[in-house]
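These notes concern the structure reproduced below.
The values are calculated or read from the model by the stated rules, or taken from the named source; none is laboratory data. Remember, it's a predicted structure, so these values are computed and weren't measured experimentally. Ideal geometry is used to build each Cβ from the backbone, glycine not excepted, and the neighbour counts take in all protein chains shown. Only protein heavy atoms, including side chains, enter the accessible area calculation; ligands, DNA and RNA are left aside. Shrake-Rupley method; radii C 1.70, N 1.55, O 1.52, S 1.80 Å.
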Amino acid sequence: MAHPGIDVIRDLLGDTRHQEATLLERREGLAAMAGSPPAPDGVAVDAITLADRPAERLTPPGAPDGQVVLYLHGGSYSAGSPDTHRGLAGALALASGRSVVVLDYRLAPEDPFPAGLNDALLAFDQLAPARIALAGDSAGGGLSAATALALRDRAGAQPVAVGLISPWVDLTQSAGSYTSRADVDPMLTAAALTQAAEAYLAGTDPTSPYASPVFGDLGGLPPVRVDVGSDEVLFDDSATLVERILAAGGTAELREWPEMIHVFQAFPPDLVPEAADAVAALGAFLAAGFDAAAS
């Protein structure tokens with residue numbers, strides 16, 4: 001049975017997946033689709049500087065000191081900002097009960113890999129000694145996973161948990177879901193993501209674990225939760241990541257949301273009620289990570 005809210009979104013999006021677009025057009029497209037959403041009522045928004053980059057801190061009522069979620073936004077590593085993700089990050093702040101900091105990390109092609117990863121690592125270091133969870137969507141989900149790998153390899157302070165929304169964690173675009181779910185995904189294609197990957201990688205091997213975490217040693221990570229819609233070409237990225245973390249002896253869970261599309265959590269809950277449910281579940285997971293670290 002078709003989902004009425006998702007059908008509305010499909011109609012609004014149209015079929016633009018196969019239209020060629022310049023970098024500027026892609027950035028403008030994401031900004032137009034996301035808008036400049038306000039934070040939810042009750043969430044305080046503060047502009048800050050972190051890792052020599054602009055960032056926003058979104059603080060819900062009663063948030064404890066010394067606990068923060070570092071959120072890395074999506075946008076194919078070439079678009080997106082705290083402005084486009086304020087609504088989603090603010091909802092996650094309410095759901096987790098913690099401050100969420102959205103980092104405006106450097107983007108490709110002006111600043112290709114590993115610039116964004118270096119920004120995320122420096123942001124983590126500057127937020128310490130606070131307890132920190134990592135979270136992100138799409139490319140930001142991939143960057144969050146890569147940041148967790150790099151932090152583990154450094155053997156210093158570690159995140160308490162990692163929450164990923166439809167993460168892009170395999171920049172080879174070789175998974176089966178690129179074919180099997182191509183006709184139901186209204187947002188992404190293998191061709192468009194390959195174009196974005198080439199701009200981001202700038203000649204780096206796409207199987208480098210810090211670019212494509214599914215190819216890395218996935219042992220020794222904090223607990224990981226991955227949420228993904230059933231109608232996404234990126235579905236196998238999520239499933240494979242969780243599968244390989246579990247095979248490496250880690251703790252990970254995958255939640256598939258039937259009929260949902262890429263980063264559905266960002267859509268209005270009155271249109272897609274599952275968006276609120278998914279954010280609430282992710283917030284509870286992150287809150288549990290903080291609580292476990294404190295016990």
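Only a single item in (1) in contact (Cβ under 8 Å) with a residue 24 or more places away in the chain; (2) out of contact with any strand residue (DSSP E or B) (no Cβ under 6 Å at 6 or more places or on another chain); (3) over 15 Å from D137 (Cα atoms) is not met by S180, and it is number (1). In this structure, A294 does satisfy being more than 17 Å from the chain's Cα centre (by Cα), touching a residue at least 24 places away in the same chain (Cβ under 8 Å) and surrounded by fewer than 17 Cβ atoms within 10 Å (Cβ to Cβ).
A residue that is free of Cβ contacts under 8 Å to residues at least 60 places away in the same chain and within 29 Å of A294 (Cα to Cα) can be found somewhere in the stretch 156-177. Taken as a whole, the stretch 219-234 holds at least one residue that is under 23 Å from A108 (Cα atoms), in contact with a helix residue (DSSP H, G or I) (Cβ under 9 Å, 6 or more places away or on another chain) and touching a residue at least 60 places away in the same chain (Cβ under 8 Å).
Candidates in the stretch 244-283 are the residues that are of a type in the set (G, A, S) and in contact with a Lys or Arg (Cβ under 8 Å, 6 or more places away or on another chain); of these, the one that is least open to solvent (accessible area, probe 1.4 Å) is A278. Within the stretch 27-50, the set of residues being more than 19 Å from F267 (Cα to Cα) and either under 18 Å from the mean Cα position of the chain (by Cα) or modelled with pLDDT under 70 (or both) is empty. With respect to T207, is the statement that it is touching a Pro at 6+ places or on another chain (Cβ under 6 Å), loosely packed, with under 15 Cβ neighbours inside 10 Å and of a type in the set (S, T, Y) true? No. Residues in the stretch 81-98 that are open to solvent by 10 Å² or more (accessible area, probe 1.4 Å) and assigned to a helix (DSSP H, G or I): R86, G87, L88, A91, L94, A95. The set of residues in the stretch 120-150 that are surrounded by fewer than 24 Cβ atoms within 10 Å (Cβ to Cβ) and within 17 Å of the chain's Cα centre (by Cα) comprises L121, A123, L149, A150.
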